[in-house]
Amino acid sequence: MKKLLLYLFILLQTSLYSQTDEINFNDFYHNFSIGASLSVGREDIVAIYPPKISFTYFDINNSGIETFIGLNIAAWPFFGYHFSTGIHTGLILKNKLSFEGSFTYATVPPQDAFFEYFNNTWQKVTFNPKIGLKADIFWIKAGPSFILSSNEHNAAQTFFDPYNIRYYNLEMGLYVPLRIPNYKKIHQFNNRAL
């Protein structure tokens, strides 16, 4: 009798498990990250201390490809001070290779005391495509930078040298994940028809 009940229990369990859909628990969370990165290049000029701060939303689909969109801000408070802010979006493949595009606005206020070629406010808007590699919380990205709008004609000629690092971007950072429960999806899952 005990063996019969055990067989019936196993048959019932396998029957129930075979009828349920595969559950993707990533759907139960909103995936964000807060990043702090060291950045050098035309996009942010230089962001070391304090680092470039990013707030990013990640959407993970069933194929394993992650898409993301986020905001970032960087500042350099020392001599030659400047400020930049931007929006970035892209995707991360299964092999952790990332492709990103960002639009960034950077401004340098008048600095007569430090640099005579920054007598007026200098500002620019850039488009920055990047290729990167994301390994867990570490993310390194690099790519060229294209000026869409600028009034940097008063700047020194080194800004226009094609071999200057300021034509390109290099960014290395740590991105700490934040998982916020998606209560709507959790409620739908708990109230589903079995």
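The values are calculated or read from the model by the stated rules, or taken from the named source; none is laboratory data. From a predicted model like this one, the values you see are computed outputs, not experimental measurements. Please note: Cβ atoms are built from the backbone with ideal geometry, for glycine as well, and neighbour counts cover all protein chains shown.
Have a look at Thr107, Thr89 and point out the one that is under 19 Å from the mean Cα position of the chain (by Cα) and modelled with pLDDT of 85 or more.
Of the residues listed, the single one that is under 19 Å from the mean Cα position of the chain (by Cα) and modelled with pLDDT of 85 or more is Thr89.
Would you confirm whether or not the range 9-19 contains a residue that is modelled with pLDDT of 75 or more, over 20 Å from Leu174 (Cβ atoms) and part of a helix (DSSP H, G or I)? Even if it seems obvious, please write down each step before you answer.
Residues of the range 9-19 modelled with pLDDT of 75 or more: none.
Scanning the range 9-19, I find no residue that is modelled with pLDDT of 75 or more, over 20 Å from Leu174 (Cβ atoms) and part of a helix (DSSP H, G or I), so the answer is no.
Residues in the range 38-65 that are assigned to a loop (DSSP other than H, G, I, E, B), of a type outside the set (Gly, Ala, Ser) and touching a residue at least 24 places away in the same chain (Cβ under 8 Å): how many?
Filtering the range 38-65 down to residues assigned to a loop (DSSP other than H, G, I, E, B) leaves 42-44, 61-65.
Restricting the remaining residues to those that are of a type outside the set (Gly, Ala, Ser) gives 42-44, 61-62, 65.
The next check asks that each one be touching a residue at least 24 places away in the same chain (Cβ under 8 Å); those that pass are 42-44, 62, 65.
So the answer is 5.
Which numbered condition in (1) among the aliphatic types (A, V, I, L, M); (2) exposed (fewer than 15 other Cβ atoms within 10 Å of the Cβ); (3) modelled with pLDDT of 90 or more is the only one that Met172 fails?
(2)
Only residues that are aliphatic (A, V, I, L, M) and either under 19 Å from the mean Cα position of the chain (by Cα) or modelled with pLDDT of 80 or more (or both): list them for the range 20-69, please. Reasoning before the result, please.
The first filter runs over the range 20-69 and keeps only residues aliphatic (A, V, I, L, M), leaving 23, 34, 36, 38, 40, 45-48, 53, 60, 65, 69.
Residues satisfying the conditions are Ile34, Ala36, Leu38, Val40, Ile45, Val46, Ala47, Ile48, Ile53, Ile60, Ile65, Ile69.
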